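**Student:** Have a look at the structure that comes next, please.
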Amino acid sequence: SKINFLNFYARRFKRLVPALACCVTVTGILSIFFTSPLGDGTYNNLLTGIGSLYGLSNIIIDIKFGNYFDPDVKFNTFLNTWSLSIEEQFYLCFSAFLYFLIKSNLIKSINSILIIVFFISFLIFFIDYLDLTTSRYFSSLSGFYNPVSRAWELLVGVLSFLYVRKVFTKFNNRFVYF
């Protein structure tokens with residue numbers, strides 16, 4: 001069947017952005033009053049909030065703080081938006097990857113390709129976790145916010161969907177719900 005990427009992004013935009021914009025606006029205004037005027041706290045809060053609207057808060061937090069457990073980051077009211085940004089980056093890259101698979105006629109091998117990508121991402125995550133390398137891109141500090149080392153988590157959902165769809169089709173579209 002045909003995949004409409006524009007429709008996919010429009011649905012995600014309508015579902016996520018209005019609530020996120022409201023949350024960023026209200027929390028941003030309140031954080032001005034409740035964040036210490038000393039230092040960069042208010043600026044970093046607002047920068048992270050605005051970055052979350054563009055799906056970039058994980059990158060901003062990584063550049064500004066580096067470490068999820070840094071003492072200064074715990075005062076960032078938009079710290080939790082890093083995972084939403086990783087999700088947005090994943091869907092942007094994943095749909096481009098899916099488009100490539102369709103155009104190059106590799107879509108028939110999607111399960112195998114996704115499993116390989118899953119293991120590569122998990123390996124990068126594992127290397128980050130063990131801090132076996134000294135490269136900034138793969139260090140444990142940026143690894144926490146790195147969409148490449150987090151892709152395996154989202155690929156679990158994609159692979160689960162493909163498996164359930166295969167099982168559902170195998171039973172002639174009859175599925176038992178508990």
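**Student:** Please specify each residue of segment 69-96 satisfying the condition of being surrounded by 16 or more Cβ atoms within 10 Å (Cβ to Cβ) and over 26 Å from Val26 (Cβ atoms).
**Tutor:** Listed by number, the residues that qualify are Phe90, Phe94.
**Student:** Where the second residue is open to solvent by 100 Å² or more (accessible area, probe 1.4 Å) and among the aromatic types (Phe, Trp, Tyr) and the first is closer than 21 Å to Ile86 by Cβ and lies in segment 1-16, which pairs have Cβ atoms under 8 Å and are six or more apart or on separate chains?
**Tutor:** Once the first residue is closer than 21 Å to Ile86 by Cβ and sits in segment 1-16, its partners that are open to solvent by 100 Å² or more (accessible area, probe 1.4 Å) and among the aromatic types (Phe, Trp, Tyr) give Phe5/Tyr99.
**Student:** Hey, among the residues in segment 131-154 that are modelled with pLDDT of 60 or more and assigned to a loop (DSSP other than H, G, I, E, B), which one's surrounded by the fewest Cβ atoms within 10 Å (Cβ to Cβ)?
**Tutor:** Ranking the qualifying residues of segment 131-154, first place goes to Asp131.
**Student:** Something else now. Between a residue in segment 100-112 that is without any contact (Cβ under 8 Å) to a residue 12 or more places away in the chain and any residue that is surrounded by 12 or more Cβ atoms within 10 Å (Cβ to Cβ), which pairs come within a Cβ distance under 7 Å, given they are 6 or more apart or on different chains?
**Tutor:** Cβ pairs passing all conditions: Leu106/Ile113; Ile107/Leu101.
**Student:** Also, I was wondering about something else. Take Gly66 and tell me if it is among the small types (Gly, Ala, Ser), at positive phi, open to solvent by 50 Å² or more (accessible area, probe 1.4 Å) and at pLDDT below 90. Steps first, please.
**Tutor:** Numbers: among the small types (Gly, Ala, Ser): yes; at positive phi: yes; open to solvent by 50 Å² or more (accessible area, probe 1.4 Å): no; at pLDDT below 90: yes.
So Gly66 does not fit the description; no.
**Student:** When only residues in segment 39-61 that are hydrophobic (A, V, I, L, M, F, W, C) and either farther than 15 Å from Val73 by Cα or in contact with a Leu (Cβ under 8 Å, 6 or more places away or on another chain) (or both) count, which is surrounded by the fewest Cβ atoms within 10 Å (Cβ to Cβ)? Working first, answer last.
**Tutor:** Looking only at segment 39-61, we keep the residues that are hydrophobic (A, V, I, L, M, F, W, C), and these are 46-47, 50, 53, 56, 59-61.
Still in the running and either farther than 15 Å from Val73 by Cα or in contact with a Leu (Cβ under 8 Å, 6 or more places away or on another chain) (or both): 50, 53, 56, 60-61.
On the way: Ile50: 15, Leu53: 17, Leu56: 19, Ile60: 23, Ile61: 27.
This residue is Ile50.
**Student:** Quick one: is Phe100 open to solvent by less than 40 Å² (accessible area, probe 1.4 Å), under 22 Å from Val156 (Cβ atoms) and among the aromatic types (Phe, Trp, Tyr)? Reasoning before the result, please.
**Tutor:** Details: open to solvent by less than 40 Å² (accessible area, probe 1.4 Å): no; under 22 Å from Val156 (Cβ atoms): yes; among the aromatic types (Phe, Trp, Tyr): yes.
Taking the combined requirement at face value, the residue does not satisfy it.
**Student:** In the set Ser83, Ser36, Ser52, which member is among the hydroxyl-bearing types (Ser, Thr, Tyr) and farther than 22 Å from Arg150 by Cβ?
**Tutor:** On the way: Ser83 fails: farther than 22 Å from Arg150 by Cβ; Ser52 fails: farther than 22 Å from Arg150 by Cβ.
The match here is Ser36.
The values are calculated or read from the model by the stated rules, or taken from the named source; none is laboratory data. Bear in mind that the values here come from a model prediction, so they are computed numbers and not experimental data. No Cβ is skipped: glycine too gets one built from the backbone with ideal geometry, and neighbour counts run over all protein chains shown. What goes into the accessible areas is simple: the full protein's heavy atoms, side chains included, and nothing from ligands, DNA or RNA. Shrake-Rupley method; radii C 1.70, N 1.55, O 1.52, S 1.80 Å.
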